[in-house]
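Q: What follows is a single structure, and I will ask about it in a moment.
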Amino acid sequence: MNDATPNPSRCPLCGQSNRCTLANPALAGQDCWCFSTPVDHEALERIPPELIDRACLCPRCAAGLKAAEQA
Ligand SMILES: [Zn+2]
């Protein structure tokens, strides 16, 4: 009964910290990495509908799975 509430600081795809400055009081006021990093549209399509606009992707997932495989 503890996974029903989306965690805004966790990536909805892999569950890792998304390092979103908007969800981290310690980083509040800084530009989030997502402002300067292009987000793969395929990654966006993989986000569960209930988590869209609730949780940010992590940098790795936002870059796309293909980019991750090539690295
Ligand atoms: Zn992720």
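The values are calculated or read from the model by the stated rules, or taken from the named source; none is laboratory data. Nothing here was measured: the structure is a model prediction, and the numbers come from that model. Cβ sites come from the backbone with ideal geometry, for glycine too, and all protein chains shown count toward neighbours. With ligands, DNA and RNA removed, areas are computed over all heavy atoms of the protein, side chains included. Shrake-Rupley method; radii C 1.70, N 1.55, O 1.52, S 1.80 Å.
Q: Which loop-located trypsin sites (Lys or Arg not before Pro) does segment 14-66 contain, where loop means any DSSP state but H, G, I, E or B and the Cβ has at most 14 other Cβ atoms within 10 Å?
A: Numbers: sites: R19, R46, R54, R60, K66; in loops: R19, R46, R54.
Hits after loop and neighbour filter: R46, R54.
Q: How high is the relative contact order of segment 21-70, in percent, with contacts defined as C-alpha pairs under 8 Å that are six or more residues apart? Display every interim value, and only then the final one.
A: Details: 31 pairs, mean separation 17.1, N = 50.
Relative contact order comes out at 34 percent.
Q: Could you tally the net charge around I52, taking each other residue with its Cβ under 11 Å from the Cβ of I52, Lys/Arg +1 and Asp/Glu -1? Mind showing how you got there, number by number?
A: Working: positive: R46, R54; negative: E45, E50, D53.
That works out to -1.
Q: For segment 21-70, what is the accessible area per residue in Å² when the probe is 1.4 Å? Can you show the working numbers first?
A: Working: 3700 Å² over 50 residues.
Value returned for segment 21-70: 74 Å² of accessible area per residue.
Q: Moving to a separate point now. Taking the convex hull of the alpha carbon atoms in segment 21-70, what volume per residue do you get, in Å³? Can you show the working numbers first?
A: Values: hull volume 4.1 nm³, N = 50.
Hull volume over Cα atoms, normalised by residue count, gives 81 Å³.
Q: Give the carbon-plus-sulfur fraction of the accessible surface of segment 21-70 in %, rounded to a whole number; probe 1.4 Å, heavy atoms of protein chains only. It would help to have the intermediate numbers written out before the result.
A: Values: 1960 of 3700 Å².
Roughly 53 percent of what the probe reaches on segment 21-70 is carbon or sulfur.
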